[in-house]
């Protein structure tokens, strides 16, 4: 690289050209610095060695090298091309299945983002899990209402289609706005406290999307018109996915003030609980279940009357 | 050659006086191949009777219906895609799902616009999904296939309405359930037969699942259709 001193040898360079060349050589020096996006990730990797060893073991040293190299090359397409968005769908079937499995089973040492997402966040999982959940809740709510009024000729069965739009709004805003708020909050705290772990927005969306998967079987179980069964299934689902969320985000906030860390964790859990309980209460009316034993009794005769009286 | 240049240069302004020097032999043959005038050029489709135009398009649509009902890996559906068939099917299905009486306040069935939006928006989302996952099919080909494969569900809807004319008891429900399940699996199988080849092999399940969900939702709408009660307030 030519420095400004060499230019004095050439008499034809006047001051103007000298300045221009110096400026361009400064720019050239700027370009030689590596991609700044790689910096925080490299920091994470270097300081990761000082953390517990199970993190390193789980990452697998060879793979982490490869992923670091690939990160810089991955999202190089400008955002107005189709290829840019294709990078968010760069997953195979078995990868998606692995991520779903990882979201159901919270392992105390393993971090969902580190283990499964590994700098390859995808939008396929979150989008289609949310879509499935929307339709699962709407259809299950419909079926449970139908079963609750089964045998009563007075109540005309209507498929309540407007509930689909309400469910879609609620679930998609949870899956996108809460990660946005959390990401903004973590970014803000990152400026105050030097956190070791920082997640990108897409990784947070990924975690939230996959954590909603466990509610799909729970929504199917809610068809059963038994109130204790519904509450048990909702509590189990909330515990599983809530613990995955907590385990994922605890490394990101544990270096913060104790109170702020606890407050963040409880807010995450609170929103999760709110979504589940809200969906259950709105789409599955509790009073249907208390009426069912009487309906069954009226249909099947005297045999079930004692049980209805007892309950 | 120089003479030609000399004669050409000053005469360039007025091309009428261009002359070729006699030293340069110019020979050859100039013939314009005039074949018989092609019938299509003379006979544009503007001149044909309207019946022919409509019948030609209807025949194309009908041929594709046959391809859907007996799905084998033929590329006819993909090659000559058109969106008339999907539009016809979508409008028919949406109209038939309007069963409730207009004066019923709590008619919770899907409105015409809702059915329309679900079918078209759902098809667009599935097509985008398969393209983003690396599929090689074109946008409109995929829309065409997804739209045509609604045909079994439309047939099921017609049969369900006929069954519902006979009553709304458990028997009719079971019959309708069997019909809808059969046609929904037929639709999914047919569209997968057409679309599966254009996907990368390790992502086939990722592409098939949204198609399954799409036809499941449409099947659900067909199954839960209940006509307005004939008597009552």
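The values are calculated or read from the model by the stated rules, or taken from the named source; none is laboratory data. Everything quoted here is computed from the prediction, not taken from an experiment. Note that we place each Cβ from the backbone using ideal geometry, even for glycine, and neighbour counts take in every protein chain shown.
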Q. What do you reckon, is residue B:193 modelled with pLDDT of 90 or more and away from every other protein chain (no Cβ under 13 Å)?
A. no
Q | Single match in A:164, A:207 (criterion: closer than 25 Å to residue A:91 by Cα, at pLDDT below 90 and crowded, with 17+ Cβ neighbours inside 10 Å) | A | A:207
Q) Just to be sure, is residue A:127 surrounded by fewer than 21 Cβ atoms within 10 Å (Cβ to Cβ) and at pLDDT below 90? A) no
Q.
Would you confirm whether or not region B:77-85 contains a residue that is under 24 Å from residue B:156 (Cα atoms), surrounded by 12 or more Cβ atoms within 10 Å (Cβ to Cβ) and either modelled with pLDDT under 80 or out of contact with any helix residue (DSSP H, G or I) (no Cβ under 8 Å at 6 or more places or on another chain) (or both)?
A. yes
Q: Inspect all residues belonging to region B:178-185 and state whether any of them is under 20 Å from the mean Cα position of the chain (by Cα) and either touching a residue at least 40 places away in the same chain (Cβ under 8 Å) or more than 10 Å from chain A (Cβ to nearest Cβ) (or both).
A: yes
Q.
If the requirement is being under 23 Å from residue A:238 (Cα atoms), touching a residue at least 24 places away in the same chain (Cβ under 8 Å), more than 9 Å from chain B (Cβ to nearest Cβ) and in contact with a helix residue (DSSP H, G or I) (Cβ under 6 Å, 6 or more places away or on another chain), which of these qualifies: A:103, A:119, A:144?
A. A:103
**Q.** Check on residue B:136, more than 10 Å from every other protein chain (Cβ to nearest Cβ), within 23 Å of residue B:67 (Cβ to Cβ) and crowded, with 16+ Cβ neighbours inside 10 Å
**A.** no
Q: Assess whether residue B:109 counts as being at pLDDT below 85 and within 16 Å of residue B:210 (Cα to Cα).
A: no
Q: List the number of the failed condition for residue A:110; all other conditions in (1) modelled with pLDDT under 85; (2) assigned to a helix (DSSP H, G or I) hold.
A: (2)
**Q.** Evaluation of residue A:98 against (1) more than 10 Å from chain B (Cβ to nearest Cβ); (2) farther than 19 Å from residue A:203 by Cα (one fails), failing number
**A.** (2)
